Each structure stands twice: as C-alpha cells, then as structure tokens.
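Here's the structure we're looking at; comments come further down.
The values are calculated or read from the model by the stated rules, or taken from the named source; none is laboratory data. What you see is a predicted model; the values in this text were computed from it and never measured. Counting neighbours? That spans all protein chains shown, and the Cβs are built from the backbone with ideal geometry, glycine included. These area figures cover heavy atoms from the full protein model, side chains too; ligands, DNA and RNA do not enter into them. Shrake-Rupley method; radii C 1.70, N 1.55, O 1.52, S 1.80 Å.
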Amino acid sequence: MPPVLLTKRIEFAAAHRYFKPDWSEEQNRAAFGRCYNPPAHGHNYMLEVTVSGEVDGETGMVINLFDLKRVLLAVIEEFDHKNFNLDMPYFKDRIPTSENIARVLWAKLAAQKDIGRLHALRLYEDEDLYADVTAATGLEIATVTRRYSFNAISGDQHGLDWDCFVSVEGPIDSVTGMVIDLGGLDQLVHEQVIGMFDGHDLRKVLKRSEVRGEHVAEWMWTALVNRIPSGRLSRIRLVQSRDLAFECAP
C-alpha cells in the first residue's frame, strides 16, 4: 500500500518587517513596499504540517495525533508572539519572509523523530498569501501563492465574485528571501487579469458566446505563464463558489 498523508493545522501570532539594513530607504521600499514600513506588522499565522507513513496495523493511525500536536505546540512556542526580526536568531542575517519562516520551521520539525516523515509544510501569512516547502523540492525551493478577487458577469447571471489563486514556484532568493517580488506579481496580475475581468462581461473579454470557469482559468494561465519575472507559474486555481473550482497546472 502507498503511504498515507496526514495534515494537522496549528496557529500562532508573530510580527515581522522586511528590510535590509545595508540598503537605502529607497532600495528597501522599491523591493519590499509596505512590508518595509517600521516598526513591524503582525499576522495570525496558520501552519499546516503534512506527514507521511504507513497505517499502523494495531492503532489504525499514521501517527498518534496527540504526539503530533504535542510536538507542534512545543516547536511553535518558540515563535508565538515574537518579533521575528528582534527576537529570533534565525533571522539575524535573513529576512523573515513567509518562505524563510517556512523553511526554518521545516528544519525544526524535521529534527523531531516523533512525527514520522515530514512531507510538506504550508504557512499562511493570511488568507491572501501562503508559502509551501516540500520534501520533494528541498529547502532551497518554495511555492508562493497569492489570492486575487474580482467580480464579473458570466452568461445571463448577475456579477459573480471569483477568487483566483496564483502560485509561483522557484528558488528562494538569498538576498530578498522571496521567490518572486510580490509587488511586481500584484501589478502583473492586475494588469493582465483583474483589470480585464473586474466589472466586465466575460463573454466580451474572452470573445465567447458562452463562458465557463474552465475557459477563464485557461485564459488566465495563457495571460500569465510567459510573463512571470522570476520562478515559474505552477498553478492557477479559480474558485467560483464554495462548491466549485477550476485549476490549470503544467
């Protein structure tokens, strides 16, 4: 039998600021935008930890959930209600981006033998941004996902609210700590997608008499795939409702 994956969530709160002390204010603002603003800003982080293993014949479990929760709480205690820049030695020489925080947490959890094989880790900064690191790609590679929203007419219906999740995978930059400049990604998605769709009739934009979610997801992929400035577009997820979503991936 193939291994079974088990995912557990845990929350913690912390603050951070993106800045390079040896850069000028102009350089910092150009690279990090509002994330540079002093003194710092806080988040209620959500950490998803996925472990893999065989189902134990006696317990029927991949891992005892009590043991997993105990380990997660012990690891997170070090980070909870801290300022990453000021209180955590892991970020003395690197910026506490979501990507860098995720791989520090990975290293801490990977050393815990009581949780089995660490398979993947996802860190939500908020509902609009999260970062993934996995055993398959290693700690030098991460995937960053950004959420965008728009309202558009599809068919004879009134305007619908759509959520679009754009995922970019690539190496974590050793200087900025990011896979991709989020400000640049925001500008690109707004120019190529959100500005085209928001408040408009999708039939006119896509030049189709009938538009389905599949058409919109494909259009978005085509509009973005060759314009991503760093990393690579790894997934487009378009959510039409709680019960319906569409994805494009290579």
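Close Lys pairs in region 12-141 (alpha-carbon distance under 16 Å; sequence gap of 8 or more, or different chains): 4. How many percent of the accessible area of the chain is carbon or sulfur, using a 1.4 Å probe? So the carbon and sulfur contribution to the accessible surface is 49 percent. Region 58-73 and region 219-241 have their alpha-carbon centroids 37 Å apart. Estimated at 0.36 nm per residue, the fully extended path between ARG70 and ASP163 surpasses their Cα-Cα distance by 30.0 nm.
On the basis of the beta-carbon distance and an R0 of 45 Å, ARG117 and ASP198 show a calculated FRET efficiency of 0.55.
Shown here for region 1-96: GluC sites (Glu not before Pro) in loop regions (DSSP other than H, G, I, E, B) with at most 15 other Cβ atoms within 10 Å, namely GLU54, GLU58, GLU78. The distance from the alpha carbon centre of region 77-114 to that of region 130-192 is 23 Å, rounded to a whole number.
Maximal additional length on extending the SER24-ALA110 stretch stands at 27.3 nm, based on 0.36 nm per residue less the C-alpha distance. Springs join every pair of Cα atoms under 10 Å in this Gaussian network model of the chain, and among ASP201, ASP56, ASP132 the largest mean-square fluctuation is at ASP56.
At 1.306 mPa s and 10 °C, plugging the Kirkwood radius over alpha-carbon pairs of region 1-96 into Stokes-Einstein gives what diffusion coefficient in µm²/s? Let's see the in-between values first.
On the way: Rh = 16.0 Å.
Estimated diffusion coefficient is 99 µm²/s.
Taking θ as phi - 60° and the Karplus parameters 6.51, -1.76 and 1.60, the scalar couplings of region 3-20 work out to x, 9, 9, 10, 10, 10, 9, 8, 10, 7, 10, 7, 10, 7, 8, 8, 6, 10 Hz in sequence order, x denoting glycine and proline.
Using θ = phi - 60° in the Karplus curve 6.51 cos²θ - 1.76 cosθ + 1.60, the 3J(HN,Hα) couplings for region 234-239 round to 10, 6, 10, 10, 10, 9 Hz; x is entered for Gly and Pro.
In Å², and per residue, what accessible area does the chain have when probed at 1.4 Å with the other protein chains present? Write out the running numbers ahead of the final one.
Values: 13460 Å² over 250 residues.
Accessible area per residue: 54 Å².
Rounded to the nearest 500, what is the 222 nm mean residue ellipticity of the chain from helices alone, with -39500 (n - 2.57) per DSSP H run of 4+ residues and division by all residues?
Values: 7 runs with 63 residues, N = 250.
Estimated from H runs of four or more residues: -7000 deg cm²/dmol.
When the Cα positions of PHE165, GLY138, TYR124 are compared along the charge dipole of region 88-174, GLY138 comes out farthest toward the positive end, with charges on each C-beta of Lys, Arg, Asp and Glu. Between ASP186 and SER149, the simple spin-label model (points 7 angstrom out along Cα→Cβ) gives 1.5 nm.
What does DSSP give for the chain in terms of the percent of beta bridges that are antiparallel, rounded to the nearest 5? Please report the intermediate quantities before stating the final value.
Values: 54 of 57 bridges.
Around 95 percent of the beta bridges assigned by DSSP in the chain are antiparallel ones.
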